[in-house]
Each structure stands twice: as C-alpha cells, then as structure tokens.
Amino acid sequence: MLIRFAGLGLGAASFTTALAAGSNYANVVDPTYDASKFMAEPLTPRSTLVKDKDDIKVKMELFIMKIQADFCRALENEEDPSSKFFVDRWTRSEGGGGVTCVLQNGKTFEKAGVNVSVVHGVLPVDAVRQMKARGKDLIGKELPFFAAGISSVIHPSNPHVPTVHFNYRYFEVTQENGEKMWWFGGGTDLTPYYLVEEDVSHFHSTLKKACDAHDNGYYPKFKKWCDDYFLVSHRNERRGVGGIFFDDFDKKSKEECFEFVKSCAESVVPSYVPLVNKHRNDPYTSAERDWQLLRRGRYVEFNLVYDRGTKFGLYTPGARIESILMSLPVYAKWEYMHSPPDGTPEAKLTEILKNPKEWI
C-alpha cells in the first residue's frame, strides 16, 4: 500500500512562506544543516533537530527537505524562467505540518507538486483500520504516531513527456503496550502517454542501479510489487509502466533501511528529468492531447478509487484537502466506451498496460 503522507498533506492551517534573511533559521549558525538550501523552513524546531540529530526521525525530515528542493530546482530548470514553484508551508493543530510546493500552468509542466509532510499525533480508529488492511497487527484503537514523507506527482503539458510519481516515507507507531513499530515505504513509477521503450528502459535501469547498490534481489521484487499495486482493477490495466514499490520495509536496521530509501529517492532526478528534457519541445497534435487527457482520467480513477494512502489521509485528523488532491491533474477527460484503434501507438501502450513486461 502506498501511504502518501507528504502528498496527502495532513494539515489544518497553512501559510505561504519562504526563507527570509530575518528568520530564526537564517540567524542561527549551526553546521548540522543549512535551511537556506530547502524550499522552506523545516517543520521541527531547529533546537530539536540539532539536539536529536542522530534520531532517524530527524535524519528523515532533513533528507526529504533536501530531496524536495533538489527536485523542485531540477524541474524549474526545465521550465520557462517565469514559472516557479509556489511554496506553502502549513501546520496542523494536532501536530506537525508540511511544505507543499506546486507549479501550475507552466510551459513544460501543467501541474507539478512536490510535497513534504512531518506529522505526529494519534491515529483514529478508521486510520488504524487502514494500517491493519496492510497487514500490520497493531494493538490498540487510538495510537500515537509519527510520519515523515515526501510525495510528488508531475503532470507535463506535452503528451510526449511522461507523468512521474514518487513517494518515500518513514512511519512509527506506539502501541498500547508501549511497543514501538516502525517501517519505511515508497516507490517511483512512470506513466507515459506514448511508449518510447528506450525511455522506459532508462527509467527502470536507473532505479535498478539504486536497488542493486543494496541488494540484487530488491529490484525484481519491488518491480513486481509496483506492477501489482498500480492496477486499475475495473479496467484490467496498470496505471503506467511501473518502476519500484515497497512497504513495511523493516527487515534490516533503521540505518540500513534509511540508506536504501535515500538511494531510491536520489535516483528520481536522473531517472526522470532527462526524459523531460528530451521530449518537452516535441510537436504534438490535438488528437495526442486528447489521448493524454483520457489517460489522465485513468490516473484519477486509481488515485480516488484504489489508493489506500488517499483514504488514510482523509481519515487522519486535520486532513488538508488541497494537499490530498494535489496529485490530481488540472485537466482530464472521460469518453464513453473509448478504445484506441488496433495498430496505433495508443493501442500499443494499452497492450503494455494490460500485460506488464520486463524492461531491462
């Protein structure tokens, strides 16, 4: 299951912010981290981040803040200079908050969202049920929790540039008996509108390299998991051409699991941005644009019908709807009984979505 804490934005109150010269972060000299390199100030107070710098929760927060900034700046480099990310730093009264970064109606990206959440509080009964649906046998009805994650969905303007989604997260729950359970999860997957096999091979090869640095068995296992998870069952087709996906990742030490997640998240820019650069200026027809909008409709169907992370977010106190629905495109389309003609590029993609293949 994909729990998109960051993309879902579990917050109550929001405000727009950017690092200012007079901020308390900019005025504090500390070698632990440089907040000016982030899109906004971290959610956890600096004093806590410095004091607990060796805590995995702190390490995860600072890492996802860095990945957010790295990805946003890489995308802005592919965009018209006048198009920049809107930065919305929000807090929730129940605990924690997030940083939602959105670029909309650009030349290259119709909508691009890169979100961080660092939230804590108590899981209500319905959210606990969502966790148990994933196989976690949790003791108690209302449980203290901590979640830190980054989530992104990119909807390009040009139909020849694929959509990408990635999400990496850390979750910790304290049960009624005092026992703490923790795990990492996440993944990266690609949704093209027109199939270019060398592009998909590049994407998968980059993810495989990140996985192989830790265990040669990870990529094939997590590639299959991705194909199985992103299935639009009522259409009998996958959302895209896959990538990697994993959850309940806790079989090794926290540090080893964290290092693996870092490798995966750091592979996003090299796996995806070259595809944007390659195709962002490709010519396209109105018929190709229509096909892009139809495929986006299938993307919406998965996110709203099947994604348990969306449901988790809505069940969490202080759920922030704007950030929960950030992953949805500005424009999408549905046509009654639409089916691409045999032999067309659209039909070729549809066949792959119904029958996933090995790309490397």
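Suppose R0 equals 25 Å; then what is the FRET efficiency for Gln175 and Asp55 from their Cβ-Cβ distance, rounded to the nearest 0.05?
On the way: r = 20 Å, r/R0 = 0.78.
The computed FRET efficiency comes out at 0.80.
Running a GNM on the chain with Cα contacts under 10 Å, which residue among Arg296, Arg73, Arg235 ends up with the highest mean-square fluctuation?
Arg235
Using a 1.4 Å probe over the heavy atoms of the protein chains, calculate the carbon and sulfur portion of the accessible area of the stretch 246-331 as a whole percent. Please list the in-between numbers first.
Working: 1950 of 3610 Å².
Result for the stretch 246-331: 54 percent of the exposed heavy-atom area is carbon or sulfur.
Kindly express, to the nearest 10 degrees and within the range 0 to 90, the angle between helix 254-266's C-alpha long axis and the longest C-alpha principal axis of the chain.
Roughly 40 degrees, rounded to the nearest 10.
Whole number please: convex hull volume per residue of the Cα set in the stretch 274-325, in Å³? Write out the running numbers ahead of the final one.
Numbers: hull volume 6.0 nm³, N = 52.
Measuring per residue, one finds 115 Å³ for the Cα hull of the stretch 274-325.
Out of the total accessible area of the stretch 121-207 (probe 1.4 Å, heavy atoms of protein only), what percent is carbon and sulfur? Display every interim value, and only then the final one.
Values: 1260 of 2560 Å².
The computed percentage sits at 49.
So with the 1.4 Å probe, I'd like the accessible area per residue for the stretch 137-275, rounded to whole Å². Don't skip to the end; give the middle numbers.
Details: 4720 Å² over 139 residues.
Result: 34 Å² per residue.
What whole-number volume per residue, in cubic angstrom, does the convex hull of the C-alpha atoms of the chain give?
On the way: hull volume 48.3 nm³, N = 360.
Dividing the Cα hull volume of the chain by its residue count gives 134 Å³.
Be a star and scan the stretch 146-173 for residues whose amide nitrogen sits under 12 Å from the point 7 Å along the Cα-to-Cβ vector of Lys333.
Under cut-off, by backbone N: 159.
Using a cut-off of under 19 Å, list every residue of the stretch 171-209 whose amide N is near the label point 7 Å from the Cα of Asp282 along the Cα-to-beta-carbon line.
189-206
Among the GluC sites (Glu not before Pro) in the stretch 266-342, which ones are in a DSSP loop with at most 11 other Cβ atoms within 10 Å of the Cβ? Mind listing them?
Glu335
Can you compute 3J(HN,Hα) from phi for each residue in the stretch 212-217, using the Karplus curve 6.51 cos²θ - 1.76 cosθ + 1.60 with θ = phi - 60°, rounded to whole Hz and x for Gly and Pro?
4, 5, 10, 6, 5, x
So what is the relative contact order of the stretch 50-190, in percent, for Cα pairs below 8 Å that sit 6 or more residues apart?
Numbers: 265 pairs, mean separation 25.1, N = 141.
It comes to 18 percent, rounded to a whole number.
Relative to the longest principal axis of the C-alpha atoms of the chain, give the angle of the C-alpha long axis of helix 268-279, reported between 0 and 90° and rounded to the nearest 10°.
30 degrees
Over the stretch 119-232, what number does the Rg to Rh ratio reach, with both radii from the alpha-carbon atoms and Rh per Kirkwood?
Values: Rg = 17.6 Å, Rh = 16.6 Å.
Using only Cα positions, Rg/Rh for the stretch 119-232 is 1.06.
What angle do you read, to the nearest 10 degrees and between 0 and 90, between the alpha-carbon axis of helix 345-354 and the longest principal axis of the chain?
50 degrees
The values are calculated or read from the model by the stated rules, or taken from the named source; none is laboratory data. Remember, predicted model here, so these are calculated numbers, not experimental data. Note: ideal-geometry Cβ built from the backbone for every residue, glycine included; neighbour counts use all protein chains shown. When the accessible area is computed, the model is the full protein with side chains, heavy atoms only, and any ligands, DNA or RNA have been set aside. Shrake-Rupley method; radii C 1.70, N 1.55, O 1.52, S 1.80 Å.
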